[in-house]
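Here the structure comes first, spelled out in structure tokens, and everything after it is commentary.
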Amino acid sequence: MWIPAWTEDELVLAGALVVRNGWRELRTKDPEVRELSELLRSLPVHGPEVHALPGFRSPDSVSRKTTDFMTNHTRYSGKPTRYGKPTLLMIEAFTSREAEMLQAAQAIEDGIGSGELHLIPPQAGEVDDDGVASAIEGRLLVRRALARERDPKLRKAKIEQVRALGCPLVCEVCSFDFARTYGDLGEGYIEVHHITPLFVSGAQTTRLADLACLCANCHRMCHKSRPGESWRTPTALRAQIQKSAQLAR
């Protein structure tokens, strides 16, 4: 019977369960396994036809995934189970950024429990060109971040603040000016980005100081993931650009 591969959101929650258990697997009858099974079956990341499958994210499958995490951790000395690249990347993420990843798991749990993540429709840009969600923390958190960043009221308020301070409306990382490049078509256009990901900052009222004005390219690069690093601040991205320029000389 075909069962879809585990998504990043699901792997975040399974990984957090293993980490909280001291990097030990959990058995099928463990109450936490059964609780996670029920939570995974409620996530808004698969269609109704998938949720109807009797074996979809069953306690048995959740237990097996915790075994994958345990046996493929660097400190495990026995024979590892077979796993896919997404699981490997998630193990690396929890190994190198444990506290941050546990925060991500808690943010997903809170968002599902409150119903917030069920209400957010898929967002353009939440998945990279290669089909991978743009942050290892999980597609639902990326979806929530992009949805909030595209809030027209938030964007308008940030632009008004920049203009009130007498600052040019340009990218804070690379200084790209839409109006200078595209004329009246680009006048007043900029994208707004949360400097710190919402799963790190937690549920709170967004202040304008928490936002940065970015061009589309820099905005995407702040969200782009790679092994061991799933997001970066505008300041870190600016340093990356400077480093690349120095190496090119």
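The values are calculated or read from the model by the stated rules, or taken from the named source; none is laboratory data. The model shown is predicted, which means the values in this text are computed figures rather than measured ones. Every residue, glycine among them, receives a Cβ derived from its backbone with ideal geometry; neighbour counts consider all protein chains shown. Accessible surface is based on the protein model in full, side chains and every heavy atom, while ligands, DNA and RNA are left aside. Shrake-Rupley method; radii C 1.70, N 1.55, O 1.52, S 1.80 Å.
Quick notes on this one:
- Within the stretch 82-91, considering residues that are part of a helix (DSSP H, G or I) and farther than 15 Å from Trp231 by Cα, the one most open to solvent (accessible area, probe 1.4 Å): Lys85
- The residue that is modelled with the lowest pLDDT, counting only those in the stretch 99-140 that are touching a strand residue (DSSP E or B) at 6+ places or on another chain (Cβ under 9 Å) and among the β-branched types (Val, Ile, Thr), is Val127.
- Apart from one condition, Lys79 fits all of (1) under 19 Å from the mean Cα position of the chain (by Cα); (2) without any contact (Cβ under 8 Å) to a residue 12 or more places away in the chain; (3) open to solvent by 50 Å² or more (accessible area, probe 1.4 Å); (4) more than 18 Å from Ala16 (Cα to Cα); the exception is (1).
- Pair list, Cβ < 8 Å and 6+ apart or interchain, from the stretch 113-125 residues that are within 19 Å of Arg220 (Cα to Cα) to residues that are open to solvent by less than 50 Å² (accessible area, probe 1.4 Å) and outside any helix (DSSP H, G or I): Gly125/Ser134
- From the list Ile108, Ile159, Ile120, the one residue that fits, being closer than 20 Å to Arg41 by Cα, open to solvent by less than 20 Å² (accessible area, probe 1.4 Å) and among the β-branched types (Val, Ile, Thr), is Ile108.
- Positions within the stretch 24-56 being hydrophobic (A, V, I, L, M, F, W, C), in contact with a Ser or Thr (Cβ under 6 Å, 6 or more places away or on another chain) and assigned to a loop (DSSP other than H, G, I, E, B), in sequence order: Leu26, Val45
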